1. Among the numbered conditions (1) assigned to a strand (DSSP E or B); (2) free of Cβ contacts under 8 Å to residues at least 60 places away in the same chain; (3) open to solvent by less than 10 Å² (accessible area, probe 1.4 Å), tell me where Ile101 comes up short.
2. Only residues in region 128-153 that are open to solvent by 60 Å² or more (accessible area, probe 1.4 Å) count as the first member; pair them with residues that are among the hydroxyl-bearing types (Ser, Thr, Tyr) and not in a strand (DSSP E or B), Cβ under 8 angstrom, at least 6 apart or cross-chain, and list the lot.
3. I'm trying to understand the selection: among the residues of region 1-15, which are under 15 Å from Ile47 (Cβ atoms) and either assigned to a strand (DSSP E or B) or open to solvent by less than 70 Å² (accessible area, probe 1.4 Å) (or both)?
4. Is it the case, given these coordinates, that Asp39 is open to solvent by 80 Å² or more (accessible area, probe 1.4 Å), under 25 Å from Leu88 (Cα atoms) and more than 16 Å from the chain's Cα centre (by Cα)?
5. Checking Gly18 against (1) open to solvent by 20 Å² or more (accessible area, probe 1.4 Å); (2) of a type outside the set (Phe, Trp, Tyr); (3) assigned to a strand (DSSP E or B), only one condition comes out false. Which one?
6. Pull up region 21-36, narrow it to residues that are over 23 Å from Arg123 (Cα atoms) and hydroxyl-bearing (Ser, Thr, Tyr), then point me to the one that is least open to solvent (accessible area, probe 1.4 Å).
7. Answer yes if at least one residue in region 125-137 is charged (D, E, K, R), in contact with a strand residue (DSSP E or B) (Cβ under 7 Å, 6 or more places away or on another chain) and more than 18 Å from Ser38 (Cα to Cα), and no otherwise.
Amino acid sequence: GNVITSGTMGISLSDSEGMTLTGNTIKNNRIGFDISASDIRYYSHHISNTNTIDSRLLLYMKDVRDRKIGPSMNPSMVIIVNSSDVGLSDLVLSKNCAGIILANSSNLTLSDISFIENGIGLRSEFGTTNLICNTFHAERNLVSGFYISNTHNFTLSSIYGQESPSGIYLHN
């Protein structure tokens, strides 16, 4: 139930596990929410949909199956962990460590998504597989438009990026 405003970083979880976040309001921060993990276990959190970033939902999906997320939810950031058969479409994600984070998830279809002024637009890691990304726009992200690490069987098509130090970063 915290209110965090006008800072560089709103809330950051780094290499921690088992955190519970509910009812937090994050406003006017350069980076609203950050989650950094050197191991998949550091994505083991309970983050409810009552947290908002600039009046938009912080969407944390862990262990979910068969979900479709579109513009009616209007999230500011999406984190998908240990999940499968998830689709995201028609979203604009901004001002977070990453617009979308994918960790150890499979069978993901992402389309028509814009990433504006994040640290990284799309971050995929920790054994994510079968990822399809189509029609992405990344602009003014601090590090990279797209960071793909330890991700297998992925397709990137119609990808656009500008004004970021790295357009697409591929690792392992």
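1. The failed condition is (2).
2. Arg140/Ser164; Leu142/Ser164; Val143/Ser164
3. Ile4, Gly10, Ile11, Ser12, Leu13, Ser14
4. Values: open to solvent by 80 Å² or more (accessible area, probe 1.4 Å): no; under 25 Å from Leu88 (Cα atoms): yes; more than 16 Å from the chain's Cα centre (by Cα): yes.
No: the conditions fail for Asp39.
5. For Gly18, the exception is condition (3).
6. Among residues in region 21-36 that are over 23 Å from Arg123 (Cα atoms) and hydroxyl-bearing (Ser, Thr, Tyr), the one least open to solvent (accessible area, probe 1.4 Å) is Thr25.
7. Taking region 125-137 first, the residues charged (D, E, K, R) are 125.
Now restrict to residues that are in contact with a strand residue (DSSP E or B) (Cβ under 7 Å, 6 or more places away or on another chain): 125.
Keeping just the survivors that are more than 18 Å from Ser38 (Cα to Cα) gives none.
No, that holds for no residue.
The values are calculated or read from the model by the stated rules, or taken from the named source; none is laboratory data. Here the structure is a predicted model, which means the values were calculated and not measured. A quick note on method: Cβ atoms are made from the backbone with ideal geometry, for glycine too, and the neighbour counts reach across all protein chains shown. Ligands, DNA and RNA are stripped out before the accessible areas are found, and what is left, the full protein with its side chains, is counted by its heavy atoms. Shrake-Rupley method; radii C 1.70, N 1.55, O 1.52, S 1.80 Å.
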